[in-house]
Amino acid sequence: QAAVLITLFRQFGAALGSIVIDIIRAIRYPFHLLRFGEQMNLQSPALRRNLEAREIFLVNHGGEAPGSDLALGELTEYASSQAHILAVNDAYWLIGWVASIILVVIAFFMARAFCKERFH
């Protein structure tokens with residue numbers, strides 16, 4: 001009986017955890033992507049240098065002349081992957097804090113029950 005309950009709660013926790021992570025990721029991904037988009041101002045000298053270096057690399061190694069489109073596409077893909085990583089990080093951070101708070105509450109109620117049982 002105990003093994004069945006443990007397995008049931010483990011499976012329920014895995015399903016619920018993946019749903020919560022997916023919901024938080026779906027909410028936070030656009031936020032992080034917009035923050036990266038704000039930083040990628042085409043008037044920025046640092047971004048211009050990066051794009052020029054990528055264009056030169058792509059033209060030299062790929063042989064295609066429209067290196068600027070490919071360079072901007074690579075940069076956009078990189079920003080998207082970084083936004084995804086940060087969104088998942090936010091999800092785990094939030095789940096960690098919620099789990100910590102729940103553990104403190106459980107420990108408080110266990111200590112309270114122990115004190116009631118022992119002193120009453």
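For the reader, a short list of remarks on this structure follows.
- Per residue, the average separation of C-alpha pairs within less than 8 Å and at least 6 apart gives the chain a relative contact order of 32 percent.
- 3J(HN,Hα) couplings calculated from phi for the range 91-97 with the Karplus curve 6.51 cos²θ - 1.76 cosθ + 1.60 (θ = phi - 60°) are, in sequence order, 5, 5, 4, 5, 5, x, 5 Hz; Gly and Pro show x.
- Taking each residue as 0.36 nm, the span from GLN39 to VAL20 lengthens on full extension beyond its C-alpha to C-alpha distance by 4.0 nm.
- If only the Cβ of Lys and Arg carry +1 and only the Cβ of Asp and Glu carry -1, the dipole of the range 2-92 around its Cα centre is close to 400 debye.
- Projecting the Cα atoms of ILE21, LEU58, SER81 onto the dipole axis of the chain, where Lys and Arg carry +1 and Asp and Glu carry -1 at the beta carbon, places ILE21 farthest toward the positive end.
- In sequence order, the range 32-49 has phi-based couplings of 5, 5, 5, 5, 5, x, 5, 6, 8, 7, 5, 8, 6, x, 5, 5, 4, 4 Hz under the Karplus curve 6.51 cos²θ - 1.76 cosθ + 1.60, θ = phi - 60°, and Gly or Pro positions carry x.
- Residues in the range 76-81 carry Karplus couplings, in order, of 5, 5, 5, 4, 5, 5 Hz; the curve used is 6.51 cos²θ - 1.76 cosθ + 1.60 with θ = phi - 60°, and Gly or Pro positions show x.
- Within the range 1-38, backbone nitrogen closer than 19 Å to the virtual label 7 Å beyond the Cα of ILE106 toward Cβ: 2-21
- Contour minus Cα-Cα distance for TRP93 and ILE27 (0.36 nm per residue): 22.3 nm
None of the figures in this text is laboratory data; all of them are computed from the coordinates on show. Please read all numbers here as calculations on a predicted model, not as lab measurements. Cβ sites come from the backbone with ideal geometry, for glycine too, and all protein chains shown count toward neighbours.
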